Amino acid sequence: SVPFLIRLFPSLLTKFVYLNFLAFPFFVDFRRPELLVNNTISLHLTTEPGITVGIWHTVPGSRGAEAQGKDQRWYEEALADGHPIIIYLHGNGGTR
């Protein structure tokens, strides 16, 4: 019956393969990354009109002491200070 259901409803295949309706770990507020990962802040970038991408900015451990207690502005300035930036694309889970 599964192949028949997939034939009738192809969107089910996408849901079963990617499981993008699950947010793991459960009961975690991904809007507050500082509770999960040290020296991290949640930002939103507008890539083009109508498109906003949510990101986490984590500074390296070498700047960890400097980042303690800093606000969003400090993290934004740290992005523009000329140091290399590593972009990590986590996959298809639907959360950062």
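Worth pointing out:
- Expressed to the nearest 5 percent, the antiparallel share of DSSP beta bridges inside the chain is 100 percent.
- Debye log10 I(q)/I(0) at q = 0.31 Å⁻¹ for the stretch 28-79, Cα point scatterers: -1.26
- The modelled label-to-label distance between R63 and H44, using points 7 Å beyond Cα along the C-beta direction, is 2.4 nm.
- Carbon/sulfur fraction of accessible area - the chain, other protein chains in place, 1.4 Å, %: 61 percent
- With at most 10 neighbouring Cβ atoms within 10 Å, loop chymotrypsin sites (Phe, Trp or Tyr not before Pro) (DSSP) excluded, longest segment of the chain: 28-87
- Centre separation in Å (Cα based) which lies between the stretch 9-52 and the stretch 61-87: 22 Å
- Summary value for the chain: 28 percent relative contact order, contacts being C-alpha pairs under 8 angstrom separated by 6+ residues.
- Protein heavy-atom accessible surface, 1.4 Å probe, per residue over the stretch 28-79: 70 Å².
- Residue order by solvent-accessible surface for R73, R7, R32 is R7, R73, R32, largest first, with ligands and nucleic acids left out and a 1.4 Å probe.
- The chain, dipole about Cα centre (Lys/Arg Cβ +1, Asp/Glu Cβ -1), debye to the nearest 20: 480 debye
The values are calculated or read from the model by the stated rules, or taken from the named source; none is laboratory data. Quick caveat: nothing in here was measured; it's all calculated off a predicted structure. Glycine also receives a Cβ, built like all others from the backbone with ideal geometry; neighbour counts cover every protein chain displayed. What goes into the accessible areas is simple: the full protein's heavy atoms, side chains included, and nothing from ligands, DNA or RNA. Shrake-Rupley method; radii C 1.70, N 1.55, O 1.52, S 1.80 Å.
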